[in-house]
Every structure is written in structure tokens, then in C-alpha cells.
Amino acid sequence: LRQSQVEINRLTWEQKLERSRESVTWLKVRNDELPLHKICSDTNTVLDQLRSFIDNNINHDLQQTDELDMTALHVLCLNPNATPEMLKLLANACPQAATIQ
């Protein structure tokens, strides 16, 4: 086993639960400083919201990445409620984002 796995195995149930809570909290707030990422991760976002943000924030860096090196397009691809139209809109607004790994 890898060192990190051994460390996790030694944790009590309560410690594992606390780490899990911390991870969930971090996932929820990690995009607070990245408005487009936040929009793209919100499962309630609709096409008009995304279009409005892109249209009204012309100087926004659409290739900006988060702490996980994900662009807003990456985040949108993970959103289970993203529509093909939303993906096409964002990909057309920043074609380079599709090639960032």
C-alpha cells in the first residue's frame, strides 16, 4: 500500500468522517473566486445565465484554471445538467480551453 493509504487506514472512523466533511466543504467553495467556474459547476445554471456571463465579461480569461488545473469548460463537462448548447457556447467562446489538459 502507498504511504497515504496506510495513513488513511490508521485513522479512526471519526477522523475519516471529518476529512470527508472538509473535502466536501472545499469542493463547494473552491470556485468562489472564479465566477465562470462557479456558474459552470452549478447544476441549476441555464443557457441564458452562461450566455449572459460570457457576453457581459468580455475581458474575463476563459482559459483560467482552478486549483485542479480545470478550465470552466472542464467544469461544465462534469456538470450532469449541462446541455449540448451550453457546452457549444462555451467551447465556441474559448476554443483553446478544449485543448488545455
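The values are calculated or read from the model by the stated rules, or taken from the named source; none is laboratory data. None of these values were measured; they are calculated from a predicted model. Here the Cβ is made from the backbone with ideal geometry for all residues, glycine too, and neighbour counts use every protein chain on show. Ligands, DNA and RNA are excluded from the accessible area calculation, which covers all protein heavy atoms including side chains. Shrake-Rupley method; radii C 1.70, N 1.55, O 1.52, S 1.80 Å.
Tabulated values for the structure
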read-out: Meets criteria (in a helix (DSSP H, G or I), of a type in the set (S, T, N, Q) and loosely packed, with under 10 Cβ neighbours inside 10 Å) for S4; value: yes
read-out: Selection from segment 22-53 of residues that are in a loop (DSSP other than H, G, I, E, B), closer than 25 Å to P84 by Cβ and either over 10 Å from the mean Cα position of the chain (by Cα) or of a type in the set (D, E) (or both); value: D42, T43, N44, T45, V46
read-out: In segment 25-45, the residues that are within 13 Å of L90 (Cβ to Cβ) and out of contact with any helix residue (DSSP H, G or I) (no Cβ under 8 Å at 6 or more places or on another chain); value: none
read-out: Lone qualifier among E22, E85, E67 - being among the acidic types (D, E) and in contact with a helix residue (DSSP H, G or I) (Cβ under 7 Å, 6 or more places away or on another chain); value: E85
read-out: Per-region count, segment 64-87, residues assigned to a loop (DSSP other than H, G, I, E, B), farther than 17 Å from Q49 by Cα and open to solvent by 80 Å² or more (accessible area, probe 1.4 Å); value: 3
read-out: Any chance L90 is assigned to a helix (DSSP H, G or I) and in contact (Cβ under 8 Å) with a residue 40 or more places away in the chain; value: yes
read-out: Any chance L62 is within 9 Å of the chain's Cα centre (by Cα), of a type in the set (A, V, I, L, M) and closer than 23 Å to W26 by Cα; value: no
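Residues are listed down the side, and each one gets a yes or a no for (1) open to solvent by less than 50 Å² (accessible area, probe 1.4 Å); (2) modelled with pLDDT of 90 or more:
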site	(1), (2)
L11	yes, no
L17	no, no
T25	no, no
D32	no, no
I39	yes, yes
